[in-house]
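The structure under discussion appears below in the form of structure tokens.
Since every read-out is calculated from the coordinates, none of them should be taken as a lab result. Since the model is a prediction, treat every value here as computed from it, not as a measurement. Note that we place each Cβ from the backbone using ideal geometry, even for glycine, and neighbour counts take in every protein chain shown.
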Amino acid sequence: MAELTTLARPYARASFEVALQDGALEEWSRILSLSAAITGQDEVSAVLASPSLSTEQISESFIKVCGDELNAKAKNFVRLLAENKRLVLLPEISALFEGLKANQEKAVDVEITTAFEISSDVSNKLAESLKDRLQREIKLATSVDQSLIGGAIIRAGDNVIDSSVRGKLSKLAELMNS
């Protein structure tokens, strides 16, 4: 996994710089997400791994599958990846690009899982509080998991705040067993 990230990072940064320069972060995000999804298809993976096809044939086949979704720079990007035998890195490139984009936009995806449905007022207050604490725009998603018993689990990027009853009971059990 670390090796894939190491290989994908320069391509993600390059695509991000181009998208930033062109003011097309959303477009590139969509393009990379689509390309990553296409790469994950079994039939496409077979074509990408085919030793009988030239890199030009592979790149043109990939571009053809994407249809009109790719702009000229994205097509060149696909050709470059194919030439360097890196098309299989597209899912990792897309993930790294999204991280760079979120950092640029100073936004973070936050998932709040609660034991019971929360009102929009409560979720708005939580979003405001997290915005102040993280100093980033918050993209909030809520879900319900009744096995939490009570409380909530908040996931914001790499940060996890577990204030659920289930989490507290688990910590108590760990302390008692040690």
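Treating the angle as unsigned and between 0 and 90°, give the value, to the nearest 10°, between the Cα long axis of helix 2-22 and the longest Cα principal axis of the chain.
Once rounded, one gets 80 degrees.
So what's the Cα pair-distance distribution over region 1-150, bin width 5 Å, in %?
Answer for region 1-150: a P(r) of 2, 9, 16, 16, 14, 11, 10, 9, 7, 4, 2, 0 percent.
Please list, in chain and number order, the residues 5+ apart from residue 115 or on another chain whose amide H is under 5 Å from its amide H, with Hs placed from the backbone.
Result for residue 115 returns 145, 151.
If I model a spin label as a point 7 Å beyond the Cα along the Cα-Cβ vector, how far apart are those points for residue 64 and residue 143 in nm?
Those two pseudo-labels are separated by 3.9 nm.
Which aspartates and glutamates, on any chain, are close to residue 85 with Cα under 12 Å apart, when same-chain ones fewer than 8 places away are left out?
Leaving aside aspartates and glutamates fewer than 8 places away in the same chain, those within reach of residue 85 are 56.
Between residue 159 and residue 73, what FRET efficiency follows from the Cβ-Cβ distance if R0 is 35 Å, with the result rounded to 0.05?
With a Förster radius of 35 Å, E is 0.50.
Could you state the angle between the C-alpha long axis of helix 90-104 and the longest principal axis of the C-alpha atoms of the chain, as a value from 0 to 90 degrees rounded to the nearest 10?
60 degrees
Could you identify which residue out of 131, 168, 139 has the top mean-square fluctuation in a GNM of the chain using Cα springs shorter than 10 Å?
Maximum fluctuation in the GNM of the chain, among the listed residues, is at 168.
May I ask which residue of 177, 19, 52 lies farthest towards the positive end of the charge dipole of the chain, with charges of +1 (Lys, Arg) and -1 (Asp, Glu) on Cβ and the Cα centre as origin?
It is 177, whose Cα lies furthest towards the positive end.
So for the chain, averaging the separation of alpha carbon pairs under 8 Å that are six or more residues apart and normalising by length, what relative contact order in percent results?
Once normalised by length, the contact order is 21 percent.
Hey, with R₀ at 30 Å, roughly what FRET efficiency would residue 47 and residue 9 work out to, going by the Cβ-Cβ distance, to 0.05?
In this case the efficiency is close to 0.75.
Multiplying the sequence separation of residue 18 and residue 55 by 0.36 nm and subtracting their Cα-Cα distance, what value in nm do you get? Walk me through the numbers on the way to the answer.
On the way: separation 37, 0.36 × 37 = 13.32 nm, distance 2.32 nm.
This chain segment gains 11.0 nm when fully extended.
Quickly work out the residue 169-to-residue 26 label distance, labels modelled 7 Å from Cα along the C-beta direction, and quote it in nm with one decimal.
So the label points at residue 26 and residue 169 sit 4.5 nm apart.
Taking the chain as a Gaussian network, where each spring joins two C-alpha atoms under 10 Å apart, which residue of 22, 121, 109 fluctuates the most?
Maximum among the listed residues: 121.
Hey, what number do you get for the chain at 222 nm if only DSSP H runs of n ≥ 4 count, each worth -39500 (n - 2.57), divided across all residues, to the nearest 500? Mind dumping the intermediate values first?
On the way: 8 runs with 110 residues, N = 178.
It comes out at -20000 deg cm²/dmol, rounded to the nearest 500.
If one takes the longest principal axis of the Cα atoms in the chain, at what angle in degrees, from 0 to 90 and to the nearest 10, does the Cα axis of helix 25-39 lie?
Helix 25-39 and the main axis of the chain meet at about 80 degrees.
Could you give the size of the charge dipole of the chain about its Cα centre, using +1 on the Cβ of each K and R and -1 on the Cβ of each D and E, expressed in debye and rounded to the nearest 20?
Using Cβ point charges on Lys, Arg, Asp and Glu, the chain gives about 380 debye.
At a Cα cut-off below 22 Å, give the lysines reachable from residue 101, other chains included and same-chain residues fewer than 8 away excluded.
Leaving aside lysines fewer than 8 places away in the same chain, those within reach of residue 101 are 73, 75, 131, 139.
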